[in-house]
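Trainee: One structure, pasted below without further comment.
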Amino acid sequence: MMFLKTKPVFIGLAALFLSAIAHAEAVWIDTRSAAEHFFTNIPGDIRISHADIVEEVSALYPDKNTEIRLYCLSGVRSGKAVESLKRAGYQNVFNAGGIEDARVERGLQEE
């Protein structure tokens, strides 16, 4: 009977682990302004303005199959950046929404 009580916890942990593995290789890009990034950011993520996204990403990640996940404050600028990258031929780009959404998706909520 104890197994039945721990099974949902195990399944939840397994899903969290698999999600972490799936996103471990993704490139995360903050498309907010330099000022916004200065005040709060996710350590290790690069910042590229949505207006410069194609030029910068093409230089840093020429493989158009690279998984790229973008975020901003609310998802609007990152959405524009996703569309620009798709027009440039990038196949594996996603709008993660706002910075808080990106934190939640990766289990990085601020305390």
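Please treat every number below as a calculation from the coordinates, not as lab data. If you're wondering where the values come from, they're calculated on a predicted model, not measured in any experiment. Cβ sites come from the backbone with ideal geometry, for glycine too, and all protein chains shown count toward neighbours.
Trainee: Looking at (1) more than 11 Å from Asp30 (Cα to Cα); (2) part of a helix (DSSP H, G or I); (3) not hydroxyl-bearing (Ser, Thr, Tyr), can you tell me which one Gly89 breaks?
Mentor: Answer for Gly89: the failing condition is (2).
Trainee: Can you pull out the residues in region 48-86 that are basic (Lys, Arg), touching a residue at least 12 places away in the same chain (Cβ under 8 Å) and in a helix (DSSP H, G or I)?
Mentor: Hits for region 48-86 are Arg77, Lys80.
Residue-wise test of (1) crowded, with 22+ Cβ neighbours inside 10 Å; (2) closer than 19 Å to Glu55 by Cβ; (3) of a type in the set (Lys, Arg).
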site: Leu73; (1), (2), (3): no, no, no
site: Glu83; (1), (2), (3): no, yes, no
site: Arg103; (1), (2), (3): no, no, yes
site: Gln109; (1), (2), (3): no, no, no
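Trainee: Mind checking which residues of region 29-56 are touching a Ser or Thr at 6+ places or on another chain (Cβ under 9 Å) and exposed (fewer than 12 other Cβ atoms within 10 Å of the Cβ)?
Mentor: Matches in region 29-56: Ala34 only.
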